[in-house]
């Protein structure tokens, strides 16, 4: 209901058309001290909404015309108006990385993932599991993958399982194939095939 206070509407010979027009104008604009909510106030900002939403995703991503990645996700959101723009996989993501002849170089799984497309930077969060072509398994809670520099890194705790031992530590850096890696602050090396667990105190391993 529109309430108009402290104003008068004169109708000295006005046609019905003018009366209707006046009512419409009153509905659209603030007048006579009345407070009207602007239509734009109720509209959510454009950059807070995804420009694309896709469910049950399985897609292939190419680099220089060659298919290099396969992505599976329950939900894929694209925020192209954000600064910086990014893709969001907030319901989990599984990714396979291929070499030039489509052999799997590494597989990556995470509870949540964000891809900043302009920077070519992945941010993987929560139960990040990676397996490389050598069968080594990596687990951490936070990992960054910079495709522009071809580096993968983290400053969090990481656990690496190899065929004969488990390596743990804080801080990690690797090539993007996960075949040449380094732990900056090692906590220990635990040998799987020994009855008595042994540990090493080396600060880095490659």
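All of the numbers you see were taken from the coordinates with simple rules; none came from a lab. These figures come from a predicted structure and were not determined experimentally. Note: ideal-geometry Cβ built from the backbone for every residue, glycine included; neighbour counts use all protein chains shown.
Once the Cβ-Cβ distance between residue 125 and residue 51 is put in as r, and R0 is 35 Å, what FRET efficiency do you end up with, to the nearest 0.05? Provide the component values of the computation, followed by the final result.
On the way: r = 22 Å, r/R0 = 0.64.
E(calc), rounded to 0.05, equals 0.95.
I need the calculated FRET efficiency for the pair residue 67 and residue 151, taking r as the beta carbon distance and R₀ as 22 Å, to the nearest 0.05.
Efficiency, rounded to the nearest 0.05: 0.50.
Please order 102, 170 by the number of other Cβ within 10 Å, starting at the fewest.
Lowest count first: 102, 170.
State, to one decimal in nm, how far the label point of residue 104 lies from the label point of residue 137, with both points 7 Å from Cα in the Cβ direction.
It works out to 1.4 nm between the two label points.
Find the all-direction average of the projected area of the Cα convex hull for the range 46-191, expressing the result in square nanometres with one decimal place.
Reported value for the Cα convex hull: 9.0 nm².
If neighbour count is taken as other Cβ atoms inside 10 Å, put 186, 52, 93 in order from fewest to most. Don't skip to the answer; put the middle values down first.
Details: 186 19, 52 10, 93 25.
With the fewest neighbours first, 186, 52, 93 line up as 52, 186, 93.
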